[in-house]
Amino acid sequence: MSKELLKIISNLSKYHREHEKYYGQAPLTTAISIQNASKTLKTLADKWISIQQTDKTEGNPYLGCEDLNEKASIQHDGLLFMEGENEPSEIIHLKRNLNNIADDSEKAGIWLSKAMENSWESAVQLIKIPTIEDVLGERHRIIANDWQAAQLSSLMAKLIQRSLLILNQIEFKPGAIRSDLSASKRYPQLLYSSSELLDRAADLAGEFALLVHDNERRWRVFRESVEKLRATLKKQDEKTSSLP
């Protein structure tokens, strides 16, 4: 039996378990960020779809748009439509943040999927190691969980990217918004659809965290078995070396 192989396995079980403690939490933070963006879009949609008549306030260009603004969005996100301004900076930031999340999720999905494909092939070597037969299922389940999480990450990216594509159909200038609301009221419906895709992306981020959480005990049990075997082999070597 290769002691070097056991050393590698021990290292992986130690450090990747610690790494997954972080990734059991980080997706939840991401989910909240996505959900906050979705809530902002829904709040605007609820406001705009109920508008019966648009009304521009003349005068100071920094005046808030009486018809387009929603107090809840101003208080929570700082999102303020002003008469003399174009797209609010908060909308620009919201889209930029979502785009960053999508890019990160896409890259993570690709990397993790490739890593798990390699891990699956490498795990064949474990089958040949005696005394760890009872934890082979644990190690393979960890790989399967992470592989599934990789697919969720990739799908999250696609949902957010499509949500942004829908959102970019809206011209967030007060004049353009009023023109739409005075005619077809297409913008509120686009906001609803965009937010619904974000809701699902947030759900997937939560499911990602659940899969990683499921690995915690599996990593611990697997590592304990490997370390027990390493200790046994070390004692055997010490005993052999002490023989005359």
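Only the coordinates and a few stated rules stand behind these numbers; no lab work does. The structure presented is a predicted model; accordingly, all values stated were derived computationally and were not measured. Here Cβ is always computed from backbone atoms with ideal geometry, including for glycine, and neighbour counts include all displayed protein chains.
What to note about this one:
- Taking a ≥ b ≥ c as the square roots of the eigenvalues of the Cα gyration tensor, an a/c ratio of 1.5 or more together with a/b larger than b/c marks segment 18-132 as prolate.
- The GLU87 and ILE8 beta-carbon pair, evaluated with R₀ = 45 Å, returns a calculated FRET efficiency of approximately 0.30.
- The coefficient of translational diffusion for the chain, derived via Stokes-Einstein from the alpha carbon Kirkwood radius under 25 °C and 0.890 mPa s, stands at 115 µm²/s.
- Acute angle (nearest 10 degrees) that the helix 26-49 long axis makes with the longest principal axis of the chain, alpha-carbon atoms: 20
- Taking each residue as 0.36 nm, the span from ASN97 to ASP134 lengthens on full extension beyond its C-alpha to C-alpha distance by 8.8 nm.
- Residue among HIS76, GLN52, CYS65 farthest towards the positive dipole end of segment 38-78, charges placed on Cβ: HIS76
- Between the Cα long axis of helix 3-23 and the first principal axis of the chain there is an angle of about 20°, rounded to the nearest 10.
- Gyration tensor (alpha-carbon) shape descriptor, segment 74-126, a/c threshold 1.5: prolate
- Among ALA150, ALA115, ALA37, residue whose mean-square fluctuation peaks in a GNM of the chain (springs only between Cα atoms under 10 Å): ALA115
- Between LYS228 and LYS71, the simple label model (points 7 Å from Cα in the Cβ direction) yields a spacing of 6.4 nm.
- Compactness ratio for segment 77-219: Cα radius of gyration over 2.2 N^0.38 Å (N = residue count) comes to 1.50.
- Environment charge at ASP237 (Cβ cut-off 13 Å; Lys +1, Arg +1, Asp -1, Glu -1): +4
- Global geometry of segment 113-168, whether rounded, prolate or oblate, following the gyration tensor of its Cα atoms and the 1.5 cut on a/c: prolate
- Folded to 0 to 90 degrees: helix 186-241 orientation relative to the chain principal axis, Cα: 10
- In sequence order, calculated HN-Hα J values of segment 159-169 (Karplus, 6.51, -1.76, 1.60; Hz; x Gly/Pro): 5, 5, 4, 5, 4, 5, 4, 5, 5, 6, 6
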